[in-house]
Amino acid sequence: MIQRDLFDSAQDSEIISPRLEMGSFEAFWKEKNYFSFKKFNTYLEENRIESFTRLTQRDKAEEALAELKTLTQAKGIELNFQLAQTANFPSNLLDAKDPIRCFYFLGNLNLLFSKGISIVGSREASEKGKLRAKRLSKELVREGFTVISGLAEGIDTAAHSAAIEEGGTTIGVIGTAITENYPASNKELQNFIAKRHLLLSQVPILHWRKNTPRTNRFFFPERNKTMSALSLATVIIEAGETSGALIQARAAMEQNRKLFILNSCFEKGLRWPDRFLNNPKFAGKVFRVRELDDILENLGSKA
């Protein structure tokens, strides 16, 4: 895939200028200070806005672009910005209830069109949980799947690392701006995924840098909805009653995706596994997993 310099104004002669779309998107979010894509999408729909360039004046977009250029050059990042109006935007992302209309990425965008399965779970995972995530990740890689996760500590880190160790492919969908490294302990892993696999973020960069961790935390559940939409299915390895993984589980049901819950989750006295499995609205979408074949057979991937 050919990448172009997003800050090159020569692109502006195109019918859709990714440069100006990006600048307008950033300027709008920085000014409005929204915290959800639902609110953003509502604004677009109510005002019948199809192009981000209608969101703000051009001088504001240019100011945002200049700020972005300074930031990304200082960090040594070559930005890539993908719009919903382009051919390389995966249509499955539009299955989300409040779909994103653009995203930033680093790495191999073609991975978005591979067979992807999300592996998610607790940040404060048990050692057994991490081992289960590693084993399943490697098994799925051997079956030709791309492992998708959120680059958080715990289950996410185990899933990404195991996919890489097995020689497979992985996608990191992060809840921060793509210019940030979070958690700091995963900086090396994130940078490796950005160079050799695929790193994706829907978070407006200047908006993120303007706000505090307390307000920016709202972007993490937003990315779980995107991660589910990208995936054929979500597998929960280990999660408490208030885990962000459950946000992704609910999103999977809304997006008509399949949800796989490891058997060990049912053996811990938690309420959520049975709540999903026994809900008649989710019939045929939620499965208890004791072995890999439980996933492959219900995805129709077993030979």
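The values are calculated or read from the model by the stated rules, or taken from the named source; none is laboratory data. All values reported here derive from a predicted model rather than from experimental measurement. Cβ coordinates were reconstructed from backbone atoms using ideal geometry, including for glycine residues, and neighbour counts include every protein chain displayed.
Before moving on, here are some points about what is shown:
- Condition check for Val286: within 22 Å of Glu124 (Cβ to Cβ), hydrophobic (A, V, I, L, M, F, W, C) and surrounded by 17 or more Cβ atoms within 10 Å (Cβ to Cβ): no
- Filter result (surrounded by 15 or more Cβ atoms within 10 Å (Cβ to Cβ), in contact with a Leu (Cβ under 8 Å, 6 or more places away or on another chain) and within 25 Å of Leu68 (Cβ to Cβ)) within the range 81-102: Phe81, Gln82, Ala84, Phe89, Pro90, Leu93, Pro99, Ile100, Arg101, Cys102
- Glu143 free of Cβ contacts under 8 Å to residues at least 60 places away in the same chain and of a type outside the set (Val, Ile, Thr): no
- The residue pairs whose first member lies in the range 81-94 and is within 15 Å of Ile15 (Cβ to Cβ), whose second member is of a type outside the set (D, E, K, R) and in a loop (DSSP other than H, G, I, E, B), and whose beta carbons are closer than 6 Å, counting only pairs six or more residues apart or on different chains, are Gln85/Ile16.
- Which numbered condition Tyr43 misses (of (1) crowded, with 17+ Cβ neighbours inside 10 Å; (2) part of a helix (DSSP H, G or I); (3) of a type outside the set (Gly, Ala, Ser)): (1)
- Listed by first and then second residue, the pairs with beta-carbon distance under 9 Å, at least 6 apart or on different chains, first residue in the range 65-76 and surrounded by fewer than 11 Cβ atoms within 10 Å (Cβ to Cβ), second at pLDDT below 95 and in a helix (DSSP H, G or I), form an empty list.
Yes or no, residue by residue, for (1) basic (Lys, Arg); (2) more than 15 Å from Ile236 (Cα to Cα); (3) within 17 Å of the chain's Cα centre (by Cα):
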position: Arg142; (1), (2), (3): yes, yes, no
position: Val147; (1), (2), (3): no, no, yes
position: Ala152; (1), (2), (3): no, no, yes
position: Ile155; (1), (2), (3): no, no, yes
position: Ala162; (1), (2), (3): no, yes, no
position: Glu165; (1), (2), (3): no, yes, no
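- Filter result for the condition that a residue is among the hydrophobic types (A, V, I, L, M, F, W, C), surrounded by 21 or more Cβ atoms within 10 Å (Cβ to Cβ) and either assigned to a loop (DSSP other than H, G, I, E, B) or in contact with a Pro (Cβ under 7 Å, 6 or more places away or on another chain) (or both), over Ile148, Ile178: Ile178
- Every residue from the range 175-198 that is aliphatic (A, V, I, L, M) and either at pLDDT below 95 or more than 21 Å from Gln73 (Cβ to Cβ) (or both): Ala184, Leu189, Ile193, Leu198
- Some residue of the range 127-140 being touching a residue at least 40 places away in the same chain (Cβ under 8 Å), farther than 25 Å from Ser264 by Cβ and surrounded by fewer than 24 Cβ atoms within 10 Å (Cβ to Cβ): no
- Pick from the range 13-40, criterion outside any loop (DSSP other than H, G, I, E, B) and modelled with pLDDT under 90, ranking: farthest from Leu55 (Cα to Cα): Ser13
- If you go through the range 185-210 and pick out every residue that is touching a residue at least 24 places away in the same chain (Cβ under 8 Å) and either more than 19 Å from Met22 (Cα to Cα) or small (Gly, Ala, Ser) (or both), you end up with 12.
- Check on Leu131, part of a helix (DSSP H, G or I), more than 28 Å from Lys39 (Cβ to Cβ), aliphatic (A, V, I, L, M) and touching a Leu at 6+ places or on another chain (Cβ under 9 Å): no
- Test: residue in the range 222-242 that is β-branched (Val, Ile, Thr) and under 22 Å from Ile77 (Cα atoms): no
- Condition met for Leu199 (out of contact with any Leu (no Cβ under 8 Å at 6 or more places or on another chain) and of a type outside the set (Gly, Ala, Ser)): no
- Hey, Glu188 of a type in the set (Asp, Glu) and surrounded by fewer than 20 Cβ atoms within 10 Å (Cβ to Cβ) or not: yes
- Yes/no for Ser118 being without any contact (Cβ under 8 Å) to a residue 12 or more places away in the chain, small (Gly, Ala, Ser) and more than 16 Å from Phe219 (Cβ to Cβ): no
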